[in-house]
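**Student:** Just dropping this structure here.
The values are calculated or read from the model by the stated rules, or taken from the named source; none is laboratory data. Nothing here was measured: the structure is a model prediction, and the numbers come from that model. So basically every Cβ, Gly included, is an ideal-geometry build from the backbone, and we count neighbours across all protein chains shown.
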């Protein structure tokens, strides 16, 4: 009886790496299948965050930490970084995309050109 339980326990512990591998493969396949909408939404979110944060920082002259409060719900993964010398703010969605908005006198904050 004890051997049977030990054998079952060993078999179950050998299954976990395969189950985790299967889950990882399914998640990777889903990410690949939905890559276009994911990058589209991430790009739009990063561009919006960069533009709003740039205006907040260089037009309204608030601190970047204060400007982070203006991010919409759902934008928790977007990080903001400022370049004070260039008067720009870069918003990054990790591992997917980054967008930069730069303050230009007379125009306000404008997005950098998109490159293919």
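**Student:** Filter the stretch 65-78 down to residues that are surrounded by 15 or more Cβ atoms within 10 Å (Cβ to Cβ) and either modelled with pLDDT of 95 or more or under 19 Å from residue 94 (Cβ atoms) (or both) and give me whichever is nearest to the chain's Cα centre (by Cα). Give the steps one after another, and end with the answer.
**Tutor:** From the stretch 65-78, those surrounded by 15 or more Cβ atoms within 10 Å (Cβ to Cβ) are 67-68, 71, 75, 78; that's our starting set.
Those still in the list that are either modelled with pLDDT of 95 or more or under 19 Å from residue 94 (Cβ atoms) (or both) too: 68, 71, 75, 78.
Details: 68: 15, 71: 13, 75: 8, 78: 5 Å.
Among them, the one singled out is 78.
**Student:** Restricting to the stretch 79-93, count the residues that are in contact with a strand residue (DSSP E or B) (Cβ under 9 Å, 6 or more places away or on another chain) and surrounded by fewer than 14 Cβ atoms within 10 Å (Cβ to Cβ).
**Tutor:** Here is the first cut: in the stretch 79-93, the ones in contact with a strand residue (DSSP E or B) (Cβ under 9 Å, 6 or more places away or on another chain) are 79-83, 86-93.
Filter once more, so that each one left must be surrounded by fewer than 14 Cβ atoms within 10 Å (Cβ to Cβ): 83, 86.
Residues in the stretch 79-93 being in contact with a strand residue (DSSP E or B) (Cβ under 9 Å, 6 or more places away or on another chain) and surrounded by fewer than 14 Cβ atoms within 10 Å (Cβ to Cβ): 2 in total.
**Student:** Same structure, new question: Among the strands (runs of 3 or more DSSP E) lying completely within the stretch 7-116, list those that include at least 1 residues that are on the phi > 0 side of the Ramachandran plot and touching a residue at least 40 places away in the same chain (Cβ under 8 Å). Spell out the reasoning first.
**Tutor:** Working: elements: 79-83, 88-93, 97-104, 108-111.
Qualifying strands (runs of 3 or more DSSP E): 108-111.
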